[in-house]
1. Only one of (1) more than 7 Å from the ligand (Cβ to nearest atom); (2) touching an Asp or Glu at 6+ places or on another chain (Cβ under 8 Å); (3) among the small types (Gly, Ala, Ser) is not met by Ala151, so which one is it?
2. Run Val173 past the list (1) within 14 Å of the ligand (Cβ to nearest atom); (2) in a helix (DSSP H, G or I) and report the number of the one that doesn't hold.
3. For the stretch 97-112, state whether one or more residues are in the same structural domain as Glu144 (by TED's automatic domain parsing), of a type in the set (D, E, K, R) and either within 16 Å of the chain's Cα centre (by Cα) or not in a helix (DSSP H, G or I) (or both).
4. Give the residues of the stretch 215-230 that are surrounded by 12 or more Cβ atoms within 10 Å (Cβ to Cβ) and over 16 Å from Leu252 (Cα atoms), sorted by residue number.
5. Just give me the residues in the stretch 90-120 being among the β-branched types (Val, Ile, Thr), in contact with a Phe, Trp or Tyr (Cβ under 8 Å, 6 or more places away or on another chain) and either at pLDDT below 95 or within 14 Å of the ligand (Cβ to nearest atom) (or both), in sequence order.
6. Give the residue, chosen from Thr140, Thr107, Thr154, that is buried (at least 21 other Cβ atoms within 10 Å of the Cβ) and in contact (Cβ under 8 Å) with a residue 24 or more places away in the chain.
7. Which of the following residues is more than 8 Å from the ligand (Cβ to nearest atom), in the same structural domain as Leu197 (by TED's automatic domain parsing) and closer than 22 Å to Val25 by Cβ: Thr140, Thr123?
8. Looking at the stretch 8-48, which of the residues that are in contact with an Asp or Glu (Cβ under 8 Å, 6 or more places away or on another chain) and closer than 25 Å to Pro150 by Cβ is surrounded by the most Cβ atoms within 10 Å (Cβ to Cβ)?
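The values are calculated or read from the model by the stated rules, or taken from the named source; none is laboratory data. Because the structure is a prediction, the values reported are computed rather than measured. Don't worry about glycine lacking a Cβ; one is built from the backbone with ideal geometry, like all the others, and counts go over all protein chains shown.
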Amino acid sequence: MRRGPLQEGESVLLIDRRGRRYPAVLRRGALVDMRGGKIPHDDLIDHDEGGTVTSTRGERFLVVRPTLAEYVLEMPRGAQVIYPKDLALILLWADIYPGAVVLEAGTGSGALTMALLRAVGSTGRVISYEVRDDFARRATRNIEQDLGTPANLTMEMRDVYEGIPAQDLDRIVLDVPEPRRVVPHAAAALRPGGVILAYLPTVVQVQQMVEALRASGAFGLIETIEGLVRPWNVDGLSVRPEHRMVAHTGFLVTGRRVQGREAAMPPAAESDSEEEPR
Ligand SMILES: C[S@@+](CC[C@H](N)C(=O)[O-])C[C@H]1O[C@@H](n2cnc3c(N)ncnc32)[C@H](O)[C@@H]1O
């Protein structure tokens, strides 16, 4: 999968000349129906992606496999997914690496789970907690449609506020309403030097999370960032930012598991630092 001719069961995206996107899962004998024009899936199966196909109304469509960023925006949702711009940041800010053992909560629709699975690779492991059975089932379907059945994923129906039985974790990534309640469990479950990251939509949650990390004495290098991605229109002389963008989504709060209150000291205030901005 993911390269070579398109196979039955794979996800594809059909994109028209105006950039409208039509996702489909390929099934022999089925039809994609787009505003009255039809394309038999059999015209796509066993063909390479990157080509075009013509509907019964004479419209041409580009056919590609969706990237992960495209797939998470098109897949069915239970819970709100993390947007691709934030997924991209999370992977580097939480320093997710091949072979890492990562705990995630909650699974939601599985968007972050998929990004983590790809980043840890076959030598790593993602353990994902979720409290809602319907969301866990939706996430499983979404993940399996894109990645098959990943051997490096363990999904558990578990309330992360009540504890983290897993130990010696490399990374903890949280997308739950009250991550501050996870801080004591994270302090016990993360290995020294491990990274905790919380994805948070509001400043109130950020303030509470940072205070909880500081108060625990178990975390240092606490940082908060927000990522803004502004797409541009580049068309002849019309070179300018797009009129619309996805503006606020969430903040990322990160910290490192350190040993002893001394190590958890907050860094010097910005005005005391001589470091140049990067
Ligand atoms: C915003 S969604 C997560 C979306 C997910 N990151 C994605 O990209 O698809 C938050 C999820 O956390 C789950 N949740 C809330 N509290 C939880 C808890 N205490 N333990 C585990 N999961 C929890 C919710 O049921 C929901 O599915």
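1. For Ala151, the exception is condition (2).
2. Here Val173 meets the rest and fails (2).
3. Yes; the residues of the stretch 97-112 include at least one that is in the same structural domain as Glu144 (by TED's automatic domain parsing), of a type in the set (D, E, K, R) and either within 16 Å of the chain's Cα centre (by Cα) or not in a helix (DSSP H, G or I) (or both).
4. Across the stretch 215-230, the qualifying residues are Ala215, Ser216, Gly217, Ala218.
5. Ile90, Thr107
6. Exactly one residue qualifies, and that residue is Thr107.
7. Thr140
8. Result: Val12.
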